[in-house]
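Input: a single structure, listed below in structure tokens.
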Amino acid sequence: VKLDLLIPGLPAKSDHFLFGICSLLLLRVAGRNILFDTGPFRVRPQLIGALKIRGLAPADIDTVFLTHLHWDHVENLDLFAHAEIITPRSEFEYAAAPRPTDWGTPPYVREILRDMRVELLPDEEIELFPGVKTLLLPGHSVGLQGLLVETGDERAVLASDALWSARDAVRGVPDVAFFDPAKAQASLDHALAAGSVFYPGHDRPFRLHNGAVKYLEQYRYRLHFPFQPNGQEFETGIATERAANSAASPT
Amino acid sequence: MNLISPITLLFSGLPARADKFLPGISTVALIKVADRTILFDTGPYAYRPILQGRLKRLAIDPGSIDTVILSHVHWDMAANADLFPNAEIVIHEKELAYAEAPDCHDAHTPAYVGRALHRLRLRPVTGEFEIAPGVRIVELPGHSPGSIGALVGNALLSGDAVACAAEAASGELRHETPKDERARQSLSKALSLADIIYPGHDRPFHVGTPPTYLDDYTIKIRFFTDPSGPDEELQIASLAAKSFASWP
């Protein structure tokens, strides 16, 4: 199984908007191009771009694995209207009428999925493709499922938001136990015991060395905030290279 | 004359840009006139819990909003219209037709937006008319096929017909090169209609040379780079010119 990180998740929040930038991966197995989650609309150009530099167009994605039906994982589904969509049955059924306090699941997500080829996953762990097994990781959402991927000499845990960030691994406690905290705790434990390299929902992939997180990726986002009508602006950044985080400076 | 503005800004837009994502920081405003409570635009889905929280802090029950005006159906404007169970969703009939069959090359309109909106109580409109006492729907096409604004007294909620104050300053559309020539005409029209503009992606400003912002703005972004360490925070602030008499 060839595993390729298209966009690493970003553990960021704002008082003005949710980032929702989750880890998007490409799996190549059994002659298929499988997209793992589709991300929020705001990364649509980057998703298309990440596929393009790999010589792929959205039409070349024949399978989409949707871990759960939260907004930030489904907003780009319409790019893959021709693909087979694989998602947990419990998520699909729940999404017909999300509970009123659940702002994560768009009440119209079934409209997004309408007329698509949807393959529903059972409530048990199965071998989906050679070297690709499902992981039952409910709690963050009603029936979230991740994947356990054999990449040769390693087992990669694609945990989605059951492992929201590497902080969950450091603390041993799920940070965003959105739906059912007790199940979310059991799912985090299950995910961390399942393999040796971890792809969180909203953070970079990492390995654990004696409990310490070793990230496998870096990121650097540049942001520009114009503050005057004449075009003056601040440039700032969110980056794992510390120098880039220094306070906003006028350009 | 009522000195208290009928417009309450729930989300100030910001003309922010980023290299690896679309910020989509759009304007959402509440208009209270007579016995009517109108929401102008609903923001991207990424606003949803924050929008709910801000309404709650203002003691506004989502069920009390009787009208939602959608300036247009781009991803960053129309994603939360379903939060208001008793609202009539006002949308230009051309915009609705477009939402039902968006051009597959349109990078801002999800293909499902028409289906999502059709679950709601829609009121397709055309032409210019008073939708509530002192609130006039105006047509501002170009940015999208059926873009509309709402004129409230001397203030215009413009949607993306005026995306930011820089467009008012230069008279040029800054953010995108529109395929539709009417966008330029709609920008001029918007600037001629009102003294105050609430743009789609910027703070409200007084029309003038230069345009001047009405108020301050701050945004905070919190993140971490070390999972064992503390959060880091960026604060971006931009302050409007104030009378020194009003300074503390």
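Derivation of every value follows stated rules applied to the coordinates shown; laboratory data play no part. These figures come from a predicted structure and were not determined experimentally. Cβ sites come from the backbone with ideal geometry, for glycine too, and all protein chains shown count toward neighbours.
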Folded to 0 to 90 degrees: helix A:181-194 orientation relative to chain A principal axis, Cα: 80 degrees
In nm, spacing of pseudo-spin labels at A:GLU124 and A:GLU217 (7 Å Cα→C-beta vector): 3.4 nm
Most mobile listed residue (A:GLY104, A:GLY146, A:GLY55) in chain A, GNM with C-alpha springs under 10 Å: A:GLY55
Placed amide H near A:VAL213: partners under 5 Å, 5+ positions off or other chain: none
P(r) histogram, all alpha-carbon pairs of the stretch B:156-248 included - 5 Å bins from 0, percent: 3, 12, 19, 17, 13, 11, 9, 7, 5, 3, 1
Where GluC sites (Glu not before Pro) fall in DSSP loop in the stretch B:162-231, at most 10 other Cβ within 10 Å: B:GLU172, B:GLU181
Packing-based exposure ordering (other Cβ within 10 Å, fewest first) of A:LEU18, A:LEU3: A:LEU18, A:LEU3
Helix-only CD estimate at 222 nm, as mean residue ellipticity for the protein assembly as shown, using -39500 (n - 2.57) per DSSP H run (n ≥ 4): -4500 deg cm²/dmol
Choice from A:LEU163, A:LEU121, A:LEU56 showing the highest fluctuation, given a GNM over chain A with Cα pairs closer than 10 Å: A:LEU56
Cα gyration tensor category, rounded, prolate or oblate, for chain A with a/c compared to 1.5: rounded
Where the Cα pairs of the protein assembly as shown fall when distances are cut into 20 Å bins, in %: 23, 55, 21, 1
In range of the label at A:ARG155: residues from the stretch A:110-132 whose backbone nitrogen is under 18 Å from the point 7 Å along Cα→Cβ: A:124-132
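Hey, fewest Cβ within 10 Å first, where do A:ARG99, A:ARG171 land in order? Display every interim value, and only then the final one.
On the way: A:ARG99 9, A:ARG171 13.
Least crowded to most crowded, the residues run A:ARG99, A:ARG171.
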Kirkwood Rh (inverse of mean 1/r, distinct Cα pairs), chain B, angstrom: 18.7 Å
The stretch B:192-248 versus the stretch B:99-129: alpha-carbon centroid distance in Å: 30 Å
